[in-house]
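Below you'll find the structure, written out as structure tokens, and then a few comments.
The numbers here are math on the coordinates, done by the rules we state, and not lab data. Model, not experiment: these values are computed from the prediction. Positions of Cβ are backbone-derived with ideal geometry, glycine not excepted, and every protein chain shown enters the neighbour counts.
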Amino acid sequence: MYIARFSYAVLPVNRQRAIDFIRREVAAAQRRQLDARLLVPLTRSHGGAALQFEVELADLEQFEQFRERGIESDEETGNWMHAFSEILTSPPEVELLRVDDAGGSNGDANLSLKA
């Protein structure tokens, strides 16, 4: 299993709008039968993300499918991404993490990408 974590930097004035955008992302993932959640850091490092979105994936193919058609249609996802990007102070940081299955294989446990 994998976890894709998206970290978003927003100004405090845009925090509620960002939460609303991320809640749409959570709902879209849940409609696709994926476990997803909005994470609100209680503490963070200087420059750290204000909000995070996390989704569990069975394989990395699901990651690509979700990124391309995350909200609904390709057009609606594009509109959502454009509107959300207007309130971000920097591009989202994307981390792909492999969940250690305790007897697991040797693979990269954490891959970081810039969106």
Handout entry: All positions within segment 45-69 that are over 19 Å from Ile87 (Cβ atoms) and not in a helix (DSSP H, G or I)
Key = Ser45, His46, Glu54, Val55, Glu56, Leu57, Ala58, Asp59
Practice task
Within segment 39-59, work out how many residues are within 17 Å of Arg15 (Cα to Cα) and surrounded by 15 or more Cβ atoms within 10 Å (Cβ to Cβ).
Solution key: 5
Exercise for the section: Would you be able to tell me the number of residues in segment 1-38 that are part of a helix (DSSP H, G or I), among the charged types (D, E, K, R) and surrounded by fewer than 19 Cβ atoms within 10 Å (Cβ to Cβ)? Expected result: 6
